[in-house]
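The values are calculated or read from the model by the stated rules, or taken from the named source; none is laboratory data. Since we're looking at a predicted model, the values are computed, not measured. Positions of Cβ are backbone-derived with ideal geometry, glycine not excepted, and every protein chain shown enters the neighbour counts. All accessible areas refer to the heavy atoms of the entire protein, side chains included, with ligands and DNA or RNA removed. Shrake-Rupley method; radii C 1.70, N 1.55, O 1.52, S 1.80 Å.
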Amino acid sequence: MAAPMSSVGKPSAERSPFNNTSFQKKTRSKLISIPGTRPSVQNGQLLVSTGVTSLDYLLGGGLAVGTVLLIEEDRYDSYSRMILKYFLAEGVVCRHELYVAAAQDNPDDILQELPAPILDDVAMHKPAEQPRLSREPPDALDAMKIAWRYQNLPKVQTALASSSRFGHYYDVSKTMEPEIRQAAKCHRFYLPEHPTQSSPPHSTMLESYSALLKSLQEVINREGFDVAAPMSNSRNILRIGLHSLGSALWGDDLCCHDNPKNGRALTTFLYGLRALLRSSLSVAVVTLPSHLIQDRAIMGSITRLCDNAIALESFKGSERETNPLYKDYHGLIHVRQVPHLNCLASKLPDHKDLAFKLKRKQFSIERLHLPPDLSDTVSRVSRGELAGATTVASACGSGSSGNKHLDF
């Protein structure tokens with residue numbers, strides 16, 4: 001049936017309201033773009049880079065805002081301190097605000113040791129291609145580079161990297177220029193300069209941890225990092241670096257006794273820290289001398305109170321330092337815990353045998369694999385054992401026969 005003539009030619013505003021549809025076009029909500037951040041493709045959580053691209057890949061793309069990364073220090077606190085400086089240097093380049101707390105070293109000394117950013121860091125991501133000879137086919141060149149027994153084995157991808165680039169690259173052989181470092185706003189907490197007040201008699205938190213938590217809360221509320229604050233276009237990220245918590249310099253006896261008196265002081269502080277981060281645009285990296293903690297139950301509680309947890313095992317001073325199997329690496333890295341954010345199951349690393357190396361200019365994490373030239377060392381050892389067996393055989397069989405080798 002044709003439409004009535006009375007309704008033809010009338011504008012849409014004069015038509016019956018029953019003809020209007022209730023469906024509306026779905027549009028994406030406008031998110032405030034913060035420099036140096038990106039949403040996770042897995043759970044939509046806002047991510048920041050740790051400064052080490054291979055560590056970002058290991059954590060699922062980056063460090064989620066509102067979470068805590070626990071780094072169990074190596075015995076000499078050299079590589080864990082380096083990762084902390086990478087984390088702070090990335091904040092300086094991304095114009096994030098910093099909060100550095102320490103009990104042994106002055107935070108200004110830590111900031112002066114930040115690695116220098118590399119401006120042409122795109123070139124470092126791709127290895128230089130070797131020139132090929134025009135007369136030789138590519139297969140023939142590959143056959144000459146590798147032994148026959150390794151030809152049919154799959155190639156091992158040692159580098160940990162994703163297809164999308166996130167973060168920057170840094171040169172650890174140089175320090176950041178003062179002009180770049182001073183452009184970032186930094187809040188400092190040096191324990192000897194902060195007078196500690198006496199805590200309540202029934203409190204389980206130490207005075208030093210209580211003062212640190214109070215200082216963090218004041219900075220978050222004053223600088224507008226609280227998510228309950230009015231939204232503005234100038235929102236930023238607060239990067240918190242807490243160095244060597246749990247040590248005796250913080251007044252904690254966790255590393256001094258088998259049954260510490262203040263065994264729950266650090267766990268109580270981590271409860272409060274995680275509550276602050278969950279309701280603010282902040283992210284924290286905490287280093288801990290776990291090799292000095294004797295009580296494994298307390299260490300397990302500390303690990304579970306953090307969202308991410310990794311442990312560094314350095315080869316310095318151990319037998320593995322001279323082992324030819326680990327000649328290309330400086331230590332092992334163990335993933336203790338990965339975050340469970342907005343999902344039922346977290347993404348676990350696809351490879352558990354991980355090692356780190358410190359090159360002349362760069363710190364990187366790679367998959368641990370056997371080097372192909374290990375057979376040369378094994379062959380030299382075998383020749384030495386064969387020479388010793390020959391001497392024993394000649395001594396045992398000198399009276400009966402003239403053969404120098406034993407027949408089996």
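When ligands, DNA and RNA are left out and all protein chains stay put, how many square angstrom of accessible area per residue does segment 222-347 have with a 1.4 Å probe?
On the way: 5910 Å² over 126 residues.
Heavy-atom accessible area per residue stands at 47 Å².
Would you please state the base-10 log of I(q)/I(0) at q = 0.14, 0.23, 0.28, 0.29 1/Å for segment 281-325, with intensities from the Debye formula using one equal scatterer on every alpha carbon?
Results for segment 281-325 at q = 0.14, 0.23, 0.28, 0.29 Å⁻¹ read -0.51, -0.90, -1.08, -1.12.
Please arrange D350, D108 by accessible surface area, largest first, computed with a 1.4 Å probe and ligands excluded.
Details: D350 110, D108 60 Å².
Output order, biggest surface exposure first: D350, D108.
Rank E179, E113, E366, E223 by accessible area, highest first, at a 1.4 Å probe radius? Please list the in-between numbers first.
Working: E179 130, E113 75, E366 25, E223 55 Å².
Final ranking, largest accessible area leading: E179, E113, E223, E366.
Between beta-carbons, use under 12 Å as the cut-off and find the net charge around R274, counting Lys and Arg +1, Asp and Glu -1. Show your work: numbers first, answer last.
Numbers: positive: R278, R304; negative: D307.
Overall, the nearby charge balance is +1.
Roughly how much of K214 is accessible, in Å² to the nearest 10, using a 1.4 Å probe?
Rounded to the nearest 10, that gives 110 Å².
Tell me, what is the 1.4 Å probe accessible area of F363, in Å² to the nearest 10?
Surface accessible to solvent at F363 totals approximately 10 Å².
At a 1.4 Å probe radius, which order do T67, T268, T175 fall into by accessible area, largest first?
Numbers: T67 0, T268 40, T175 85 Å².
Descending order: T175, T268, T67.
Of all the Cα-Cα pairs you can form in segment 292-353, what percent are over 18 Å apart? Please list the in-between numbers first.
On the way: 1010 of 1891 pairs.
For segment 292-353, the share of Cα pairs beyond 18 Å comes to 53 percent.
Lys and Arg at +1, Asp and Glu at -1: add these up for the other residues within a Cβ distance under 13 Å of L213 and post the number.
Summing Lys/Arg as +1 and Asp/Glu as -1 gives 0.
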